[in-house]
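Chemist: The structure under discussion is supplied below as structure tokens; questions concerning it will follow.
Since every read-out is calculated from the coordinates, none of them should be taken as a lab result. Computed from a predicted model, the values in this text were never measured in an experiment. Glycine also receives a Cβ, built like all others from the backbone with ideal geometry; neighbour counts cover every protein chain displayed.
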Amino acid sequence: MLSLWQVIPEQKTIKLPSLDIEHTPSFALRSVWNGMGHRWYLGGVPLNCGHAHSRLFPPSDYYQEHPDFYPLIRGKRWNPETGGPWQLCTSNSEVIRLTIEKARRFFDEHPQQVMFSLSNNDCGGFCECEACAATGSNPGARMLAFANAVARGLRQTHPDKYVIFLAYWYTHEAPREKMQAEPGVAVMVLGEGCHAHALTDPSCPRNKRWHDNFEKWVATGARMAIYEWYIPGCTQHYWRRIPWVAEETAIRDQHYWRVRGVQWITYEAQRAYEDGDGYPLRWPLYYVAAKGMWDASLSAEEILRDACGKLYGPAAEPMLAYYLTLAQAVAECPQHGNIWNLPNPLAVYPPDTVGNLRHHLAQAQKIAREDGGAVWERVQVEMRTWSRAQKTLEKLRQQKETSVNISVNDKGYIVDQPTITGAFIRSIGGIPTWEHVLLIGEDGTEREIGDEEELSVVDGMRFRSVGERGLDK
């Protein structure tokens with residue numbers, strides 16, 4: 001299937017004039033997981049920002065002799081035999097010293113690498129000891145303090161290298177207190193905003209919060225990177241069969257990041273979250289992001305117009321109209337997305353929009369039938385892709401709505417289960433164990449929710465977290 005979407009021009013004679021072309025891409029790292037590498041000008045600085053605590057200090061290697069390397073949680077040192085989420089005790093002097101040694105060894109063995117990951121494990125379980133608490137008031141601050149300590153030691157031998165960590169989930173919130181990053185510290189902030197609208201859209205409340213939090217990370221002076229997600233089917237299975245084209249929203253976000261000093265961007269895209277061959281479903285999403293990272297002067301329409309001309313020949317105009325209509329439908333949707341969710345597809349693609357999309361495809365099909373060959377095959381594939389999406393939309397209209405919206409610390413989440421626990425709220429909201437979870441009633445009253453307490457889910461439920469002494473979130 002992938003070969004169908006590759007266009008290789010054929011020329012009997014190739015003439016090359018004198019060439020002296022120098023191009024500096026808009027970003028030093030340009031990564032789209034399902035992109036086509038150098039054909040899409042992807043690549044650049046090697047990325048190394050994965051979850052690292054388990055790799056740095058595997059409990060099987062260190063726990064017996066150094067249980068103090070691991071977190072103190074509710075007065076007890078974490079034990080691998082009892083399991084549960086965990087992070088390192090990031091204030092421990094030996095953890096810091098050994099991490100510096102590991103970073104030096106890594107760069108000596110891999111001189112082409114630029115980054116050494118300090119990212120916490122993909123879970124909660126942050127250390128609650130007094131020394132860790134003294135390094136920062138929230139997990140993001142504590143990770144920055146850990147990165148600063150490692151960067152200071154690494155700088156003595158590798159002044160041109162970086163330590164980097166993910167500002168994601170528990171660590172997404174920037175330090176609440178004023179902190180400065182050491183030279184050689186980078187932070188990769190996850191795209192936890194609303195992906196239906198641009199980050200600079202003042203009418204999008206979720207993106208306003210993301211924007212304000214990102215600016216606080218920028219204010220630390222750390223070198224900035226972005227981890228964006230293009231996996232709408234991760235938690236909403238119906239989006240695995242429905243197109244999403246970000247178009248100019250993606251380009252606007254890239255412009256904003258570039259102005260704020262972002263150098264490295266990676267877009268997560270996984271076929272595991274798409275039904276069938278995901279390429280015809282997602283290529284416009286990936287391609288616009290890839291080309292935009294290479295050349296900031298291009299608009300999304302210019303990028304798609306060029307691609308449609310190559311893929312669809314005489315049917316390029318109606319196919320371009322099809323993709324632009326998909327993009328417009330998302331950008332103008334009155335609903336907002338959540339951390340891992342796009343808006344409800346019924347709100348994105350109302351009946352009038354569905355009719356316009358079918359019209360553009362029918363026009364393309366009529367033209368492509370006369371042209372035949374690969375153009376006809378590509379249009380037919382897109383026809384089948386949209387037909388599958390339309391059947392999904394029709395099925396959703398017939399079903400009774402089962403998902404509800406809740407908010408945790410003013411961030412929206414979609415829940416598709418009838419009951420939840422306090423631990424569930426703590427998990428999705430990235431609330432550390434040393435903070436309390438409060439349920440806010442319709443009258444504004446609040447009560448604490450225990451981790452094991454079960455609650456029946458009601459649309460519009462609101463929760464917030466507070467510190468042990470009633471500190472506001």
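Chemist: In nanometres, what is the gap between the two model label sites at Asn48 and Ala272, each 7 Å from Cα along Cα-to-Cβ?
Modeler: Taking the two extended label points, one gets 2.4 nm.
Chemist: Taking neighbour Cβ counts within 10 Å as the exposure measure, how do His51, His38 sort from fewest upward?
Modeler: Ranking His51, His38 by Cβ neighbours within 10 Å, fewest first, gives His38, His51.
Chemist: Something else: If R0 is 41 Å, what FRET efficiency do you get for Gln156 and Glu442 from their C-beta distance, rounded to 0.05?
Modeler: My answer for the efficiency is 0.10.
Chemist: Quick one: length gained pulling Glu94 to Ser387 fully straight, 0.36 nm per residue minus the C-alpha distance?
Modeler: Length gained, Glu94 through Ser387: 99.6 nm.
Chemist: Follow-up question, since we're still on this one. Please state the shape class of the stretch 88-182: rounded when a/c is under 1.5, otherwise prolate if a/b exceeds b/c and oblate if not, all from the C-alpha gyration tensor.
Modeler: prolate
Chemist: Multiplying the sequence separation of Val404 and Ala28 by 0.36 nm and subtracting their Cα-Cα distance, what value in nm do you get?
Modeler: Working: separation 376, 0.36 × 376 = 135.36 nm, distance 4.04 nm.
Extra length available between Val404 and Ala28 comes to 131.3 nm.
Chemist: Using Cα-Cα distances under 8 Å and only pairs 6 or more residues apart, what relative contact order does the stretch 14-80 have, in percent?
Modeler: Computed value for the stretch 14-80: 17 percent relative contact order.
Chemist: Roughly what percent of Cα-Cα pairs across the stretch 404-466 reach past 15 Å?
Modeler: Percent of Cα pairs beyond 15 Å in the stretch 404-466: 43.
Chemist: Which of the three applies to the stretch 1-131, rounded, prolate or oblate, going by the alpha-carbon gyration tensor with a ≥ b ≥ c and a/c under 1.5 meaning rounded?
Modeler: Because a/c hits 1.5 or more and a/b exceeds b/c, the stretch 1-131 counts as prolate.
Chemist: Now, a different point. Only helical DSSP H runs with n ≥ 4 go in: add -39500 (n - 2.57) per run for the chain, normalise by residue count and round the 222 nm mean residue ellipticity to 500 deg cm²/dmol.
Modeler: Theoretical 222 nm ellipticity from helices: -12000 deg cm²/dmol.
Chemist: May I ask you to sort Cys204, Cys234, Cys127 by Cβ crowding, counting other Cβ atoms within 10 Å and putting the fewest first?
Modeler: On the way: Cys204 19, Cys234 16, Cys127 28.
Arranged by neighbour count, lowest to highest, Cys204, Cys234, Cys127 become Cys234, Cys204, Cys127.
Chemist: If you don't mind, there's one more thing I want to ask. Work out, step by step, the length gained on full extension between Thr421 and Lys76: first 0.36 nm times the residue separation, then minus their alpha carbon distance; give nm to one decimal.
Modeler: 121.9 nm
Chemist: Work from the charge dipole of the stretch 362-473 (Cβ charges, +1 for Lys and Arg, -1 for Asp and Glu, about the Cα centre) and give the residue of Trp376, Asn409, Leu396 farthest towards its positive end.
Modeler: Toward the positive end, the furthest listed residue is Trp376.
Chemist: Counting other Cβ atoms within 10 Å, which GluC sites (Glu not before Pro) in the stretch 29-130 have at most 13 and lie in a DSSP loop?
Modeler: Filter output for the stretch 29-130: Glu65, Glu81.
Chemist: Taking the dipole about the Cα centre of the chain, with the C-beta of Lys and Arg at +1 and of Asp and Glu at -1, give me whichever of Pro80, Ile431, Leu342 is farthest to the positive side.
Modeler: Leu342
Chemist: Which three numbers, in whole Å and largest first, are the semi-axes of the equivalent ellipsoid of the chain derived from its Cα gyration tensor as √(5λ)?
Modeler: They are 42, 30, 18 Å, listed from largest to smallest.
Chemist: Given a cut-off of under 8 Å on Cα pairs at least six residues apart, what relative contact order in percent is computed for the chain?
Modeler: Averaging sequence separation for qualifying contacts and normalising by length gives 14 percent for the chain.
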